[in-house]
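The next block holds one structure in the form of structure tokens; read it before the comments.
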Amino acid sequence: MNNKIGIGIIGTGAIAVKHAAAIRELEGAELLAVCSSTKGRAIEAKKTFGVESYADIHSFLKHPRLDLIAICTASGHHLEPALTSIAAGKHVLIEKPMEINLKRADQIIQAARENGVKLGVIFQNRFNPDYIQLKKALQEGLLGKLLLGNAYVNWFRDEAYYKSSPWKGTVEGDGGGALINQAIHTIDLLLDCMGAVHSVFGKTDTLYHEIETEDSATALVEFKNGALGTITASTTISPGYPERLEIYGSKGSIILEGGKIKTWDIQGEPSRIMNSPAGKNSGASDPMAIGHQWHLEQYKDFLNAIQEDRAPLVNGEEGIKSLALIEGIYQSSKLGKLVFL
């Protein structure tokens, strides 16, 4: 008797390949099926993923052993497959962002709550051991009073990147640009460290690429705990630099660069800098350079949440926080004034 959790993936693009790689390393689960948008893509997906492939979501969801659905479609096309999967009684794990605006994301959260299924959002960087060290230091109060938190994602994407999929850089498919697609991971970590936001003043623009959405953005943030912060996001900075998270407190500072601890200066505390190179898995100039190892760790947490009947670490309520701030930045830029969250 097979007790493994059966997983299916909706969407068969590049990020789905990362999910499949992570799933194949799970002991308690297996990838059983994938679902594509057309029959032609489904045929190709069967070759790529080596499992049953469908072009119709309803047929896909009738697979007898599916317990968990991973949604890897374009950002603006998460809502419909999520609601359909949830209505079928499946647990759902969605690639970031949960959706392209809060209204659509809230529908997913509400549906999961009403149907009693687990909902998670992929923010795999929370499972990075270096970030876990930073978070532990904050939980232990080692940095003292939080003063300043900065998130810098100064990456580069060429024209081929935006032309590789018809939804990239579009309002309907992407919901935005450098903020909601690239920088959202580091913004999620910033909020996980600094807490809720009181207000934000932002400016977005399209400075280089011929796309509908922003390729450059900046923001000034005031957190509810009184601390301040800054955000920069770009896909125009050549050749692209590893993302950077800076957390400053009254007793010390920790800086992560490319997901690795670069600076650990805390009064009376030995350094916890780990001996792996910064930027090794950064998507600074190549989105496919990002590995699947932290996806694997997030999947492990999600499977444990199902088995233990608890909320996953990054549930819907956690997954929506960065989207709320980014929506606030977009609104602030549009109105040209401070926005309160």
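The values are calculated or read from the model by the stated rules, or taken from the named source; none is laboratory data. Just so it is clear, the model here is predicted, and its values are computed rather than measured. Please note: Cβ atoms are built from the backbone with ideal geometry, for glycine as well, and neighbour counts cover all protein chains shown. These area figures cover heavy atoms from the full protein model, side chains too; ligands, DNA and RNA do not enter into them. Shrake-Rupley method; radii C 1.70, N 1.55, O 1.52, S 1.80 Å.
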>> Can you tell me the orientation of helix 14-24 relative to the chain, as the angle in degrees between its alpha-carbon axis and the longest Cα principal axis, to the nearest 10?
In response: 80
>> Among Leu313, Val153, Gly195, whose Cα projects farthest towards the positive end of the dipole of the chain, with charges put on the beta-carbon of Lys, Arg (+1) and Asp, Glu (-1)?
In response: Leu313
> When we measure straight from the Cα of Lys145, which lysines land under 17 angstrom away, once same-chain ones fewer than 8 places off are left out?
Replying inline: Lys135, Lys136, Lys224, Lys251
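First check a/c for segment 20-83, with a ≥ b ≥ c the square roots of the eigenvalues of its C-alpha gyration tensor; if it is under 1.5, answer rounded, and if not, answer prolate when a/b is larger than b/c or oblate otherwise. Before the final figure, lay out the partial values.
Numbers: a/c = 1.45, a/b = 1.21, b/c = 1.20.
Rounded shape, in that the Cα axes give a/c under 1.5.
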> Cross-link partners among aspartates and glutamates for Lys262, C-alpha distance below 14 Å, same-chain residues fewer than 8 apart left out?
Replying inline: Asp130, Glu243, Glu246
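To the nearest 500 deg cm²/dmol, what mean residue ellipticity at 222 nm is calculated for the chain from DSSP H runs of n ≥ 4 alone, each contributing -39,500 (n - 2.57), summed and divided by the residues? Intermediate results must be reported in sequence, preceding the final value.
On the way: 12 runs with 116 residues, N = 341.
Theoretical 222 nm ellipticity from helices: -10000 deg cm²/dmol.
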>> Just to confirm my numbers, what's the Cα centroid distance between segment 124-178 and segment 289-334 in Å?
In response: 12
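Express the carbon and sulfur contribution to the solvent-accessible surface of segment 202-242 as a percent, rounded to the nearest whole number, probe 1.4 angstrom. Walk me through the numbers on the way to the answer.
Values: 1100 of 2050 Å².
It is 54 percent, rounded to a whole number.
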>> Which of the three applies to segment 96-194, rounded, prolate or oblate, going by the alpha-carbon gyration tensor with a ≥ b ≥ c and a/c under 1.5 meaning rounded?
In response: oblate
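Considering only DSSP beta bridges where both residues belong to the chain, give the percentage that are antiparallel (nearest 5).
Details: 37 of 65 bridges.
Approximately 55 percent, going by the DSSP bridge assignments.
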>> Sequence gap at least 6, Cα distance under 8 Å: using those rules, report the relative contact order of segment 69-203 to the nearest whole percent.
In response: 25
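With every protein chain present, what is the per residue accessible area of the chain (1.4 Å probe, Å²)? Don't jump to the answer; show the numbers that get you there.
Values: 14840 Å² over 341 residues.
Averaged over the residues of the chain, the accessible area is 44 Å².
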> If one takes the longest principal axis of the Cα atoms in the chain, at what angle in degrees, from 0 to 90 and to the nearest 10, does the Cα axis of helix 102-115 lie?
Replying inline: 50
